[in-house]
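The structure appears right after this line, and notes come after that.
A short reminder: the numbers here are calculations on the coordinates, not readings from a lab. Since the model is a prediction, treat every value here as computed from it, not as a measurement. We place every Cβ from the backbone using ideal geometry, glycine too, and count neighbours over all the protein chains shown.
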Number of protein chains: 2
Amino acid sequence: MSSRIELVGFDGDDTLWRSEDYYRHANAEFEAIVGAYVDLTSSQLRCRLLAAERRNLALFGYGAKSMTLTMVETAIELTESAISARDIHRIVALGKEVLEHPVELLPGVREAAQAIAARHRVVLITKGDLHHQERKVERSGLGDLFHRIEIVSEKDERSYAKVLDEFGMQANAFVMVGNSLRSDIEPVVSLGGWGVHVPYHVTWEHELEHGLEAGHPRVFAVNDAAEIPDAIARCGNVAAPVSI
Amino acid sequence: MSSRIELVGFDGDDTLWRSEDYYRHANAEFEAIVGAYVDLTSSQLRCRLLAAERRNLALFGYGAKSMTLTMVETAIELTESAISARDIHRIVALGKEVLEHPVELLPGVREAAQAIAARHRVVLITKGDLHHQERKVERSGLGDLFHRIEIVSEKDERSYAKVLDEFGMQANAFVMVGNSLRSDIEPVVSLGGWGVHVPYHVTWEHELEHGLEAGHPRVFAVNDAAEIPDAIARCGNVAAPVSI
C-alpha cells in the first residue's frame with residue numbers, strides 16, 4: 001500500500017541540528033555567574049530563570065535574544081542589583097555565543113532529508129527568532145532541499161492550519177517530523193495529520209508539557225534520523241495503523 | 001487606461017502605524033542614562049549606539065530586542081563597566097516599553113487600506129522581529145485585510161523576488177507602499193516593480209542610505225495615506241509615466 005503523504009514538515013532545532021545543548025551551556029554559565037552573588041542552588045536558579053522566561057514569552061517570543069534579555073533581567077532582580085556590569089556583559093556574551101554557534105547537523109540527517117525530498121515535497125517549519133533561524137538554514141546546507149521555509153512565532157494548531165492552507169493541503173496528507181511532542185507532533189495530530197517523533201537527548205522544560213495520548217495511531221517514534229524515511233512510508237496508511 | 005497592478009505590498013512600521021517615535025524615545029532615555037557616567041554629548045552617544053547596532057546587525061537582525069541588547073552592551077562598554085545594575089535594568093525596561101506600546105494607526109491608513117484591498121490582493125511585508133510584528137498586526141485590526149503577512153529578515157531584492165515567486169507574479173504587476181526608499185522602494189523598483197513612497201516624519205539613520213535616482217518613473221510620492229489609492233491607480237500604466 002503506498003503512502004498518501006504529500007507534504008513532509010521538518011522541525012529545525014534538535015531535529016535537524018543541535019540546539020538545546022548550546023542553550024543549556026549558556027544557562028549553566030548564567031547559574032555560575034549569578035550563583036556567586038546569591039544563596040541559591042543551580043536548580044533554584046534554573047527554576048527562577050524558567051519562570052521568568054515563561055513570564056516574558058508573550059512579550060519576547062522564543063529564541064536566543066529573548067533568553068539573553070531574560071537572563072540579564074533575572075540576574076539583576078535575583079541579586080537585587082548587586083551584580084557588576086562586567087558580569088552582565090558576560091551574560092550578554094553568552095547570548096551572542098548561542099547565536100554564533102556553528103550549525104552541526106545530527107547524525108544521518110542529511111541522507112534522510114535527501115531521501116525524503118526525492119519522494120515528497122518538504123518544508124521546514126521552525127519557531128523562534130526569524131533572523132537566527134534563517135542563518136541556521138543557510139549554514140546547514142539543507143536550504144536547497146526544502147520547498148519552503150516557514151518560520152512561525154508559535155507552533156500551534158493555528159500556525160499549522162495556515163501552512164496547510166497555503167499549500168492547499170488536507171491534514172491527513174501531511175506528516176511533521178520533530179523532537180517536541182508539544183510543538184511538532186500534538187498540534188498536527190489534533191488537526192488530523194501524522195507525526196514522526198525523533199527524541200533528542202535533552203529537551204527544554206517548556207517543551208515537555210503536552211496532552212498527547214501514548215500510542216497514538218498516527219504517531220511513530222524513531223530512534224534516529226536514519227529511521228525517518230521508513231516511518232514516513234508508514235504514515236498515511238490508515239488501513240494499517242501501527243502504534244508506537 | 002486601467003492599472004495592470006495585481007498585488008500591493010504594504011510596509012508596517014511607520015507606514016501603517018507609528019514605530020520609529022518609540023525607538024527614538026528609548027534612545028533618548030538611553031542617552032540620558034549613559035550620559036550621567038561619561039563625558040559624551042547626546043549626539044556622540046547616538047553615533048556610538050548606531051555604530052554598535054550596525055556591528056550587531058548580522059548577528060542580531062532588526063527589532064526592539066536587538067536594539068535593547070545592543071543598548072545594554074554599549075552602556076557597559078562606554079562606561080567601562082561603571083554603570084550600575086539598576087541603570088541596566090532601566091535600559092532593559094526601555095526595550096520592553098517599545099515592545100509593549102499600543103499600535104496606533106497613522107491617519108487615513110484604515111480607509112486607504114480598505115479601499116485598496118477592495119480592488120487588489122494586498123500583502124503586508126515587514127522586516128524585523130517576527131513575534132513583535134505578528135503582535136502588531138493582530139492589534140492593528142488590519143489583519144483581515146491582508147491576503148498574507150510576509151515577515152522577512154531583510155528587505156532586499158532577494159526577499160521581494162521570493163515573495164513574487166510565491167505569488168507567481170511578475171514584478172511589473174507589483175507595487176510596494178512604504179516609508180523607506182532603501183527598504184520598501186529601491187529593491188522593488190530594481191526588480192522592475194513599482195513604488196509608492198509615503199514619507200514619515202522621522203526615519204532611522206540606517207534607512208536613509210539608498211541608491212534610488214530622483215524622479216524615477218516607477219516611483220510615486222504621496223503626502224499621506226489618503227493619497228495612496230490614487231497613486232496605485234497610476235502604477236502599471238507604463239504608457240503614461242509620471243515622475244515624482
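A few comments on the model shown:
- Loop-located GluC sites (Glu not before Pro) in the range A:16-117 whose Cβ has at most 11 other Cβ within 10 Å (DSSP): A:GLU80
- Label-zone membership for the range A:162-191, site A:ALA214, 7 angstrom Cα→C-beta point, backbone N under 17 Å: A:181-182
- Cα-based shape type of the range A:20-100, given that a ≥ b ≥ c are square roots of the gyration tensor eigenvalues and the cut on a/c is 1.5: rounded
- FRET efficiency, B:LEU50 to B:GLU154 (Cβ-Cβ, R0 25 Å, nearest 0.05): 0.90
- In chain B, Cα pairs under 8 Å separated by at least six residues give a relative contact order of 25 percent.
- Plainly put, the tip 7 Å out from Cα toward Cβ on B:LEU40 is 3.2 nm from that tip on each other copy, the closest given first.
- Per-selection Kirkwood Rh - the protein assembly as shown (Cα, Å, 1 d.p.): 24.2
- Summary for A:ARG55: label point 7 Å along Cα→Cβ; distances to the equivalent points in the other copies, ascending, 3.2 nm.
- Shortest-first distances to equivalent copies, position B:ASP224, nm, label 7 Å out along Cβ: 6.6
- Options A:SER81, B:ILE5, A:VAL219, ranked by Cα towards positive dipole end of the protein assembly as shown, top entry (Cβ charges): B:ILE5
- Lysine pairs in the protein assembly as shown whose alpha-carbon atoms fall under 12 angstrom of each other, counting only those eight or more residues apart or on distinct chains, come to 5.
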